[in-house]
């Protein structure tokens, strides 16, 4: 039987895991959306910035990015601030490093996903909002965004699950999340199976919840759409 | 027939000589990269006039009407709508677009909104009507194009002809003084074509100004006041409808009519 004290700790760790994953995903969404919008048109400077960003953050493993942020982040930030004439040191906690690393890595992946979804909204939709004199912000939020969501949602759901699972790696920079507590409990009780199983159950539960929620959102974004054919794409086989 | 009584538009549509022409294009040029889509086009449409543009594909018909509402930016020349010049300034573009209704070949209805929401959308967001007000106007126009019974459905649940009629109602809701049609029946099955053309004929009878790009020569004959033949970015010939079909002067139009009639 697992000891209640350790189970409680694993519960606390699970909460930290959720916090890191949610914040990292929101950061990734923000970065992804900004890069997607900025790179819609071909602009040299923006494109160079994007290519550099993408090759770094998709090329370096997310764990390494987290290590770099954790050990060098504080130095990098204070040297950037000292250029602006400010002399402050900011301590980077494992939590901050984890959110920044996962957010920036998956932001690079989400940018591609979101850009291609925007590009797949028929140009006629943009034209219709123009001739109907719809103000641009309303056109983006009420016409384009729902259609982008419909196209991007399956990929975005997968990306969320990957971010969630990647938080397990981040225990290596000393973040007290679910993996760290599971490891601690296994070490103390010499019963690794039970505590790692508990942690696995947590991730499985979160994934199941994710699919449940994403199906609801997908139903909402698919309102008004008919399946391609009665049999679906399978008819092409 | 259910005639479409057009609610008083922004400007009067009577053929008053004191009024500026509804549309006036001067020396219009448009390039797509190296391709010269419109070559020094001069084109005028009087108030309440129904003009049909025809010609082979790639002749610049669509480019021409898309330059009128700034979906394409012209490279040189001038565009005036009801006397207002279309410049690159956002305010001018909005003022000119306010005068124009546009119907596309591919309908371009918003797929995630119901038919009613498609029609009320611009009324609420561009004209700042309340939802009940907007729905009142939308239902009125949906009734005129015979799709009021489909108001709560999504566009994908409608036939092509019904969708195009919704698109016409959606454009009319803003009470434009000029309607532009860009091949409104080219994406439709033969049965639906008739229902859309009937609505367009009803609309023409209300005295609204219309510019239609279409391959429907029967419609042109019945409804148009004037027909314009374009080829390779130029207006080759234009004449009152009867003369256009009976006595085409240019050999290119004669050849074109022989092929399509």
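Each value in this text was obtained by applying a stated rule to the coordinates, not by laboratory testing. All of these numbers come straight from a predicted model, not from anything done at the bench. All Cβ positions, even for glycine, are placed from backbone atoms using ideal geometry, and neighbour counts span all protein chains on display.
Please find the FRET efficiency linking residue A:81 to residue B:29, where r is the Cβ-Cβ separation and R0 is fixed at 60 Å, and quote it to the nearest 0.05. Display every interim value, and only then the final one.
Numbers: r = 54 Å, r/R0 = 0.90.
Calculated value: 0.65.
Across every pair of different alpha-carbon atoms, what Kirkwood hydrodynamic radius in Å does segment B:105-150 reach? Don't skip to the end; give the middle numbers.
Values: mean 1/r = 0.0918 Å⁻¹.
10.9 Å is the Kirkwood radius here.
Can you compute the label reach from residue B:73? Point 7 Å from Cα along the Cβ direction, backbone N cut-off under 17 Å, restricted to segment B:82-110.
Counting only backbone N, you get B:86-97.
Set the Förster distance to 56 Å, then compute FRET efficiency between residue B:39 and residue B:128 from the Cβ-Cβ distance, nearest 0.05. Kindly include the intermediate steps, with their values, before the conclusion.
On the way: r = 41 Å, r/R0 = 0.74.
E between residue B:39 and residue B:128, to the nearest 0.05, is 0.85.
Working out 0.36 nm times the residue gap between residue A:190 and residue A:116, then minus their Cα-Cα distance, what length gain in nm do you get to one decimal?
Details: separation 74, 0.36 × 74 = 26.64 nm, distance 4.93 nm.
Gain on extension, residue A:190 to residue A:116, equals 21.7 nm.
Run the paramagnetic zone check for residue A:211: 7 angstrom along Cα to Cβ, then residues of segment A:135-164 with backbone nitrogen under 18 Å.
Correct set: A:153-164.
Apply 1/(1 + (r/R0)^6) to the Cβ-Cβ distance of residue B:85 and residue A:176, taking R0 = 60 Å, and write down the FRET efficiency to the nearest 0.05.
Details: r = 67 Å, r/R0 = 1.12.
E between residue B:85 and residue A:176, to the nearest 0.05, is 0.35.
Let me confirm one metric for peptide B:70-78, namely the mean number of other chain beta-carbon atoms within 10 Å of its residues' beta-carbons. Write out the running numbers ahead of the final one.
Numbers: counts 2, 5, 0, 0, 0, 0, 0, 0, 0.
Average neighbour count from other chains, rounded to a whole number: 1.
Just grab the label-to-label distance for residue A:4 and residue A:138, each label 7 Å out from Cα along the Cβ direction, in nm (one decimal).
5.8
I'd like to compare B:25-36, B:142-153, B:48-59: which one has the highest average count of other Cβ atoms within 10 Å, and what's the full order after that? All intermediate terms of the calculation are to be shown ahead of the outcome.
Working: B:25-36: 14.3, B:142-153: 18.4, B:48-59: 21.1.
The densest-packed peptide leads the list: B:48-59, B:142-153, B:25-36.
Using a simple spin-label model with points 7 Å from Cα along the Cα→Cβ vector, what separation in nm is obtained for residue B:191 and residue A:88?
Distance between label points: 7.0 nm.
What is the Å³ per residue value for the convex hull set by the Cα atoms of segment B:120-238?
Spread over its residues, the Cα hull of segment B:120-238 gives 127 Å³ apiece.
Going from the alpha-carbon gyration tensor of segment B:23-260, what semi-axes, largest first and in whole Å, does one get by taking the root of 5 times each eigenvalue?
On the way: eigenvalues 178, 94, 46 Å².
They are 30, 22, 15 Å, listed largest first.
Could you please tell me the mean projected area of the C-alpha convex hull for chain A, averaged over all directions and given in square nanometres to one decimal?
On the way: hull surface 74.8 nm².
Computed as one quarter of the Cα hull surface, the answer is 18.7 nm².
Per residue of A:130-143, how many C-beta atoms from partner chains lie within 10 Å of its own C-beta, taken as a mean? Working shown, then result.
On the way: counts 7, 17, 15, 10, 6, 3, 1, 1, 5, 2, 0, 0, 6, 6.
Per residue, the number of nearby Cβ atoms from other chains is 6 on average.
If you fit an axis through the alpha-carbon atoms of helix A:44-59 and take the longest principal axis of the Cα set of chain A, what angle between them do you get, 0 to 90°, nearest 10?
Between helix and principal axis, roughly 40 degrees.
Provide a whole-number value for the mean count of partner chain Cβ atoms within 10 Å of the Cβ atoms in peptide B:164-173. Display every interim value, and only then the final one.
Values: counts 0, 0, 0, 1, 0, 0, 3, 3, 0, 1.
Mean shielding count: 1.
What's the angle, to the nearest 10 degrees (0 to 90), between helix B:131-144's Cα axis and the longest principal axis of chain B?
60
Under 1.5 on a/c is rounded, so check that first for segment B:52-136, then, if it is not, pick prolate when a/b is larger than b/c and oblate when it is not; a ≥ b ≥ c are the square roots of the alpha carbon gyration tensor eigenvalues. Don't skip to the end; give the middle numbers.
Numbers: a/c = 2.82, a/b = 1.49, b/c = 1.90.
Oblate shape, in that a/c is at least 1.5 and b/c is the bigger or equal ratio.
Relative contact order (percent) for chain A, with alpha-carbon contacts under 8 angstrom and 6 or more residues of separation?
29
As I understand it, the value is the acute angle between the Cα axis of helix B:90-99 and the longest principal axis of the Cα atoms of chain B; what does it come to in degrees, rounded to 10?
80
Reported to two decimal places, what Rg/Rh ratio describes segment B:58-199 when computed on Cα atoms with Rh from the Kirkwood expression?
Taking Rh as the inverse mean 1/r over Cα pairs, Rg/Rh reads 0.99.
Under the √(5λ) rule applied to the eigenvalues of the Cα gyration tensor, what semi-axes describe the equivalent ellipsoid of segment A:69-119? Give them in Å, descending. Can you show the working numbers first?
Numbers: eigenvalues 175, 41, 8 Å².
Computed over segment A:69-119, the values are 30, 14, 6 Å.
With each label point set 7 Å from Cα along the Cα-Cβ vector, what nm distance links residue A:219 and residue A:52?
Simple spin-label model gives 4.7 nm for this pair.
Take the alpha-carbon positions of the protein assembly as shown, form their convex hull, and give its projected area averaged over all directions (one quarter of the hull surface) in nm².
Its average projected convex-hull area is 32.8 nm².
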